[in-house]
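Data first, discussion second: the structure below is written as structure tokens.
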Amino acid sequence: MEGKKVIITGVPGVGKTTVVNEALKKLQEQGIEYKSINFGSFMFEVARNDKIVENRDQMRTLDRAVQKRLQQRAAQAIAQVPGNVLIDTHASVKTPKGYLAGLPEWVLRELMPDIIVLVETDDDQILMRRLSDDTRSRDKEGARSIAEHQQFNRSIAAAYAMMTGCTIRMITNADFLLERSSTELAEVLR
Ligand code: AMP
Ligand code: MG
């Protein structure tokens, strides 16, 4: 049987990776395997080899054409992965020149997802999570601007549904409720 392709998105610091890891653990206990893929890591691998950037958080400031090339190559490589695939990425990327679509037509054509999940939570919770994470160079932005980004992601997700016929699912990853959000994600993936 053909594998399922699920794309998981959410603004930086919303806790996507944490929810994904918890959900995949639950699924594994039920005998369901997903390959977990980080889109940004595929892009970064190429960008670092080409000596374009030194850390992954520099990629969103690159020239738009360069980001597109990295994005295209990542999508082509990820499309080759067989089985059930869960792709951790962004509905839109906040660049110095505005929002960049994370899943434009040339990416969607490669990936053709069954489901796009939007992981969301309150803007002030995201702000606090970013402030307490020193492993990444997260954008310094206020709650209003985080709210705008989350709203924009919902809007652009509607366009992705139109282009692919995929379903769009919002999951709230609230403070102290990881158990709830990861259970919800596991159910979506099942
Ligand atoms: P992440 O680790 O998920 O925050 O991703 C790191 C970086 O990878 C992001 O800040 C973006 O520059 C880049 N990236 C990830 N997914 C995409 C995408 N679908 N389109 C463009 N850039 C992306
Ligand atoms: Mg992440």
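The values are calculated or read from the model by the stated rules, or taken from the named source; none is laboratory data. Just so it is clear, the model here is predicted, and its values are computed rather than measured. All Cβ positions, even for glycine, are placed from backbone atoms using ideal geometry, and neighbour counts span all protein chains on display.
Values for this structure:
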{"item": "The range 23-54, subset in contact (Cβ under 8 Å) with a residue 40 or more places away in the chain and touching a Phe, Trp or Tyr at 6+ places or on another chain (Cβ under 8 Å), residue nearest to ligand 2 (Cβ to nearest atom)", "result": "LEU24"}
{"item": "Residues of the range 149-190 classified as crowded, with 16+ Cβ neighbours inside 10 Å and either free of Cβ contacts under 8 Å to residues at least 12 places away in the same chain or assigned to a loop (DSSP other than H, G, I, E, B) (or both), total", "result": "2"}
{"item": "Test for ILE78: is it away from ligand 2 (no atom under 16 Å from the Cβ), surrounded by 14 or more Cβ atoms within 10 Å (Cβ to Cβ) and among the β-branched types (Val, Ile, Thr)", "result": "no"}
{"item": "Of the criteria (1) surrounded by fewer than 16 Cβ atoms within 10 Å (Cβ to Cβ); (2) out of contact with any strand residue (DSSP E or B) (no Cβ under 9 Å at 6 or more places or on another chain), which one GLY83 fails", "result": "(2)"}
{"item": "Sole exception among (1) at positive phi; (2) in contact with a strand residue (DSSP E or B) (Cβ under 7 Å, 6 or more places away or on another chain) for GLY98, by number", "result": "(2)"}
{"item": "Residue within the range 100-121 that is under 24 Å from THR183 (Cα atoms), part of a helix (DSSP H, G or I) and at pLDDT 95 or above present", "result": "no"}
{"item": "Subset of the range 1-22 [at negative phi, near ligand 2 (Cβ under 10 Å from one of its atoms) and not in a helix (DSSP H, G or I)]", "result": "ILE8, PRO12, VAL14"}
{"item": "Residue check for GLY13: surrounded by fewer than 21 Cβ atoms within 10 Å (Cβ to Cβ), closer than 25 Å to ALA147 by Cα and in contact (Cβ under 8 Å) with a residue 40 or more places away in the chain", "result": "yes"}
{"item": "Checklist (1) buried (at least 19 other Cβ atoms within 10 Å of the Cβ); (2) touching a helix residue (DSSP H, G or I) at 6+ places or on another chain (Cβ under 7 Å); (3) in contact (Cβ under 8 Å) with a residue 40 or more places away in the chain applied to LEU100, failing item", "result": "(1)"}
{"item": "Options VAL46, VAL66, VAL53, VAL81; residue that is over 21 Å from VAL11 (Cβ atoms), assigned to a loop (DSSP other than H, G, I, E, B) and of a type in the set (Val, Ile, Thr)", "result": "VAL81"}
